[in-house]
Each structure stands twice: as structure tokens, then as C-alpha cells.
Amino acid sequence: MTKQKTISAALALSALLSFGSAQASGNVSYTVTNAKWKEECGSCHIAYPPKLLPAESWKAVMSGLDKHFGSDASLDAAAHAEISTFLLDNAGKRKRDAAAKPALRITETGWFKREHSETPTSTWKNPTVKSAANCSGCHTQAENGNFSEANIRVPK
């Protein structure tokens, strides 16, 4: 392999790893975890993997927990600090428009829109799925951070 091809391969692998753990099939799995994050965030919805949003977005989400998408998800100071640190330390590294407001919803990110561009509207309205925010409606291993295409079961 030439030096240029080696560098290109290393850069491609680095890009994949900055988003999640690349699997041989090109699917992504998120294995990083924190017990407090799993307990608190996972009590109402899937504990979304930190890499799905950049640090700016997690800062915005964590600063508005008293009005968290229509609910009061306030935390005590210790839990807030622990979860914030975990989310920021493991946040996604994707570049975004510096002038744009941080996305507060994973479903608003360009990545999510591209990945789900062929998902029919009827899927989101299916009673099993209910909304695009319900990852586990189709991703059977989402609770474990595994979004592998092999584990997708779209309800009919």
C-alpha cells in the first residue's frame, strides 16, 4: 500500500471512529456508558448515545432540563454534573455550522435525516414506533447502543 493510500485509509477509519465504533459491515455501535446517565435519561426514553450530538448540543440540552421537551427533567447538582461531564467527554465530533443554533433533537441532525431519508412517513406514525425519536421502535438493540442494520425490524 502506498503512503498516500495508507494515510487515506487512516483518515477514513478515524472519521468512522469519531462517530462510533465501526463494525466490519460499516454499522455503528456505541459502547460507552455511565450508570447515572442510563438511570436518569433512560427512565423516560432511550439513553441516547452521547456521540449522536456534539458537545454544544449536549450543553444546551443539559441547561434546559427544567423544560425538557415539555417535561421537568431537573436533576440534583451531583447527578447533573456527572451526566454533563459524561455527555461532553463522549460527544460527537461532527462539524457543524458555527453560526447555527445547536440541534437539541437528534432527529434534527443532518446525519439522522440522511440515515432515515428513505423511511416512509407511515413508519413514524406506526403505533409501535410513534415518532422518529423512538429508536427502539425499529432498532431492536438500541437500548444497548447497537444500531446495526442487522438489528433493524421495521414494524408493518
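State to the nearest 20 debye the size of the charge dipole of region 62-114 about its Cα centre, where the only charges are +1 on K and R beta carbons and -1 on D and E beta carbons.
So the magnitude is around 580 debye.
Sparsely packed loop sites in region 27-95 (the trypsin sites (Lys or Arg not before Pro) outside DSSP H, G, I, E and B with at most 14 other Cβ atoms within 10 Å) comprise Lys93, Lys95. Near Pro155: Cβ cut-off under 12 Å, other residues only, Lys/Arg at +1 and Asp/Glu at -1. The net charge is +4. If you take all other residues with their beta carbon under 14 Å from the beta carbon of Asn146, and give Lys and Arg +1 and Asp and Glu -1, the sum is 0. Other residues whose C-beta falls under 15 angstrom from the C-beta of Lys36 contribute a net charge of -4, scoring Lys and Arg +1 and Asp and Glu -1. Just the protein heavy atoms count here, and of the accessible area of region 37-156 at 1.4 Å, carbon and sulfur take up 52 percent.
The length gained on full extension between Gln141 and Asn126, counted as 0.36 nm times the residue separation minus their Cα-Cα distance, comes to 3.5 nm. What the Cα atoms of region 61-103 give is an Rg and a Dmax of 12.3, 33 Å. Only the Cβ atoms of Lys and Arg (+1) and of Asp and Glu (-1) were treated as charged; on that basis the dipole of region 26-154 about its Cα centre amounts to roughly 440 debye. Per-residue packing, averaged as other Cβ atoms within 10 Å, sorts the ranges 104-113, 81-90 into the order 81-90, 104-113, beginning with the highest.
Here the peptides 144-156, 116-128 are ranked by packing, the mean other Cβ count within 10 Å, and the order with the highest first is 144-156, 116-128.
The values are calculated or read from the model by the stated rules, or taken from the named source; none is laboratory data. Here the structure is a predicted model, which means the values were calculated and not measured. Cβ coordinates were reconstructed from backbone atoms using ideal geometry, including for glycine residues, and neighbour counts include every protein chain displayed. Accessible surface areas use protein heavy atoms only, side chains included; no ligands, DNA or RNA. Shrake-Rupley method; radii C 1.70, N 1.55, O 1.52, S 1.80 Å.
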